[in-house]
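Read through the structure below, which is laid out as structure tokens, and then see the notes.
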Amino acid sequence: MAQNLPGTLKNFNPYTEFKEFTIAQIKDFRNAFDLYDTSRDGVINLMELKVMMEKLEAPQTHLALTAMIKEVDEDMDTVINFREFLLIFRKAACGELQVDGLKVLAEKVGSL
Ligand SMILES: [Ca+2]
């Protein structure tokens, strides 16, 4: 069984995988991600997302937070890594977000 190490994005290059964003935008997203990854383990967990939404003045219920993570959690480790974080903004730009909390997050962080 392959070992699942959360946050280890060895072969991930945001600049080539997310070409729709400028370098400046990706840096802004990185800064926002690092700001809310308070444990500095490279992923945003449920508690960190909860605090993030409170700071964005859009507090969410536990159920809503779980739904937010689930929508972009491609590797299904129940936390949001930086790649999955960028997916929020990609989906927002395409009008594909389903969960309201993520729409709020994308709008607030995207306009920072
Ligand atoms: Ca994940």
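All of the numbers you see were taken from the coordinates with simple rules; none came from a lab. Remember, it's a predicted structure, so these values are computed and weren't measured experimentally. Using ideal geometry, Cβ is built from the backbone for each residue, glycine included, and neighbour counts are taken over all protein chains shown.
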Filtering segment 64-86 down to residues that are within 17 Å of residue 97 (Cα to Cα) and among the aliphatic types (A, V, I, L, M), which residue is nearest to the ligand (Cβ to nearest atom)?
-> 80
Could you tell me whether residue 40 is without any contact (Cβ under 8 Å) to a residue 12 or more places away in the chain and not aliphatic (A, V, I, L, M)?
-> yes
Here is a list of conditions, (1) surrounded by 17 or more Cβ atoms within 10 Å (Cβ to Cβ); (2) aromatic (Phe, Trp, Tyr); (3) touching a residue at least 24 places away in the same chain (Cβ under 8 Å), and residue 12 meets all of them except one; can you say which number that is?
-> (1)
Within the set of pairs 6 or more residues apart or between chains, which connect a residue that is more than 19 Å from residue 65 (Cβ to Cβ) inside segment 76-99 to a residue that is within 15 Å of the ligand (Cβ to nearest atom) and not in a helix (DSSP H, G or I) with Cβ atoms less than 7 Å apart?
-> 83/9; 83/12
Just name the residue that is farthest from the ligand (Cβ to nearest atom) out of those in segment 24-44 that are surrounded by 15 or more Cβ atoms within 10 Å (Cβ to Cβ) and either more than 16 Å from residue 87 (Cα to Cα) or acidic (Asp, Glu) (or both).
-> 28
So is residue 57 in a helix (DSSP H, G or I) and away from the ligand (no atom under 16 Å from the Cβ) or not?
-> no
For segment 45-54, the count of residues that are out of contact with any helix residue (DSSP H, G or I) (no Cβ under 6 Å at 6 or more places or on another chain) and within 16 Å of the ligand (Cβ to nearest atom) equals 2
If a residue has to be β-branched (Val, Ile, Thr) and either surrounded by fewer than 18 Cβ atoms within 10 Å (Cβ to Cβ) or part of a loop (DSSP other than H, G, I, E, B) (or both) to count, how many in segment 60-76 make the cut?
-> 2
